[in-house]
Amino acid sequence: MARLLNRNFILGITGSIAAYKAAELTRDLIREGANVRVVMTEGACGFITPLTMQALSGHDVHMDLLDTDAEAAMGHIELARWADVMLIAPASADSIARLVQGRANDLLGACVLATPAPLFIAPAMNQEMWAKEATQDNIKVLSDRGATVLGPSSGSQACGDVGAGRLLEPALIVEAITETLGTGLLAGRHVVITAGPTREPICPVRYISNRSSGKMGYALAEACVNAGAKTTLISGPVNCSAVDGVHVIAVETTQEMHDASLLAAASADIFIGAAAVVDFKPESVASQKIKRNGVAEMDLRLVPNPDIIATIANSASRPSLVMGFAAETEDVREYARQKLEKKSLDYIFANDVSDASIGFDSDRNAGVLIGQNGNIEMPISTKRILAEAIIGELSRHLD
Ligand code: C5P
């Protein structure tokens, strides 16, 4: 099984004799389905050629912060945003010290600062350097900030010493990352997700809908596939494309989404309502286009649509976990918690859509995951990374 399917890795290589192992690591990551973009420091280029890494990763290697051609192709901010995982292997003593300081005068440092992706560091250095208080303090600072430190392992070193400081074997780095990312956490489980807007026709050419892009629901579906789940995505009309492995059921109206959801949810372990469902529909749909001619005003009588998630959460075949979204423009948490109770949900993700930089149609989002066991703050990040975090949390609470 490709356990890192569709995951975007920035592999940072720094100046260490172990840099040659980054070649094998790249192959291992790609074998697991990951997309790998390599960033090399000047020091790294003294140990392994960018050409080797370009050939193995299948992409140009990024080296300079101030290279206009490279920046035009994929700038460092774009690269940093693209990443789902930031991995530095090997990480030299100097690069670790620079990370602690938050230096950004080389491309790798700038990417680490600019990415919301989780940071993994695989140190490699002489055993004496590893054991030094300065290095140990630096490592502690980075782990306290949330970085995952992989290794080093112990044994004989290139310099002739014996001790801790060897780069963890590439296969073990891949294992540790897949474990931390929660790959396989939903193996054997079925997750049903609704996404996008629904549309309620008024006549053959007009409809009522909303601004939902579907991006959050599609990101959740991707995270579920990556976690090994059978994933059904019931989607309203959107411009997103689902990753391989997602079973997409395209619907248009709320009633269609309702019917497809109820059917699929009967065999689901988790149901996630990420769709922005149109709550009211025209009482009757005109069979011909409604003309303006001679019409001074027009009444549109609306009647309620079914509440999909509430129906599922209260059904006899309720999935173990039911999660909704609350996109609000004021008193976000309060309204979200009320919805959680009213609709009998286990979790609700509350986000403020009055902030234009997140929410509707944005690639980024932020909010708070409210559950029966408390709140988890989720700071601004890409929808992909948020989706991973949400799925990780849900999977830990499945019986
Ligand atoms: O629209 P509202 O803010 O009530 O949406 C909260 C949650 O309920 C969302 O997860 C949404 O997908 C779900 N919902 C639903 N059916 C509706 C309305 C909302 O499943 N008719």
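Details
- Yes/no for Ala310 being touching a helix residue (DSSP H, G or I) at 6+ places or on another chain (Cβ under 9 Å) and under 16 Å from Tyr347 (Cα atoms): yes
- The sole residue among Phe280, Phe271 that is within 21 Å of Pro197 (Cα to Cα), surrounded by fewer than 19 Cβ atoms within 10 Å (Cβ to Cβ) and within 12 Å of the ligand (Cβ to nearest atom) is Phe280.
- When segment 73-98 is filtered for residues that are assigned to a helix (DSSP H, G or I) and either touching a residue at least 40 places away in the same chain (Cβ under 8 Å) or more than 24 Å from Asn6 (Cα to Cα) (or both), the ones remaining, listed by number, are Leu79, Ala80, Arg81, Trp82, Ala93, Asp94, Ser95, Ile96, Ala97, Arg98.
- If the condition is being on the phi < 0 side of the Ramachandran plot and assigned to a strand (DSSP E or B), then segment 368-378 contributes Val368, Leu369, Ile370, Gly371, Asn375, Ile376, Glu377, Met378.
- Among (1) part of a strand (DSSP E or B); (2) farther than 15 Å from Asp106 by Cβ - the single one Ala18 does not satisfy: (1)
- Among the residues here, Asp399 qualifies as more than 20 Å from the chain's Cα centre (by Cα), surrounded by fewer than 19 Cβ atoms within 10 Å (Cβ to Cβ) and in contact (Cβ under 8 Å) with a residue 60 or more places away in the chain.
- Lone unmet requirement of (1) under 25 Å from Gly188 (Cα atoms); (2) within 12 Å of the ligand (Cβ to nearest atom); (3) surrounded by fewer than 23 Cβ atoms within 10 Å (Cβ to Cβ) for Ala310: (1)
- Sole residue being part of a helix (DSSP H, G or I) and buried (at least 24 other Cβ atoms within 10 Å of the Cβ), chosen from Ala219, Ala171: Ala219
- Remark: pairs (first residue in segment 316-332, farther than 20 Å from Gly367 by Cα; second residue within 11 Å of the ligand (Cβ to nearest atom) and part of a strand (DSSP E or B); Cβ separation under 7 Å; 6+ apart in sequence or on different chains) = Pro319/Phe271.
- Test: residue in segment 57-72 that is of a type in the set (S, T, N, Q) and touching a residue at least 60 places away in the same chain (Cβ under 8 Å): no
- Criterion: in contact (Cβ under 8 Å) with a residue 24 or more places away in the chain, over 22 Å from Glu179 (Cβ atoms) and assigned to a loop (DSSP other than H, G, I, E, B) - qualifying residue of Ala158, Ala117: Ala158
- The lone exception for Asp361 - which of (1) touching a Ser or Thr at 6+ places or on another chain (Cβ under 6 Å); (2) within 23 Å of Thr253 (Cα to Cα); (3) within 14 Å of the ligand (Cβ to nearest atom) it fails: (3)
- Residue within segment 234-255 that is under 15 Å from the mean Cα position of the chain (by Cα), assigned by TED's automatic domain parsing to the domain that holds Pro282 and crowded, with 24+ Cβ neighbours inside 10 Å present: no
- Residue that is surrounded by 17 or more Cβ atoms within 10 Å (Cβ to Cβ) and of a type in the set (A, V, I, L, M), where the choices are Val112, Val141: Val112
- Being crowded, with 24+ Cβ neighbours inside 10 Å, out of contact with any His (no Cβ under 6 Å at 6 or more places or on another chain) and under 25 Å from Leu65 (Cα atoms) is true of Asp84.
- Within segment 222-233, restricting attention to residues that are among the aliphatic types (A, V, I, L, M) and not in a strand (DSSP E or B), the residue that is surrounded by the most Cβ atoms within 10 Å (Cβ to Cβ) is Ala223.
- Leading residue by the ranking (surrounded by the most Cβ atoms within 10 Å (Cβ to Cβ)) among those in segment 46-56 that are touching a residue at least 12 places away in the same chain (Cβ under 8 Å) and over 29 Å from the mean Cα position of the chain (by Cα): Ile48
- The listed residue being buried (at least 17 other Cβ atoms within 10 Å of the Cβ), small (Gly, Ala, Ser) and away from the ligand (no atom under 16 Å from the Cβ), out of Ala366, Ala326, Ala356: Ala366
The values are calculated or read from the model by the stated rules, or taken from the named source; none is laboratory data. Because the structure is a prediction, the values reported are computed rather than measured. So basically every Cβ, Gly included, is an ideal-geometry build from the backbone, and we count neighbours across all protein chains shown.
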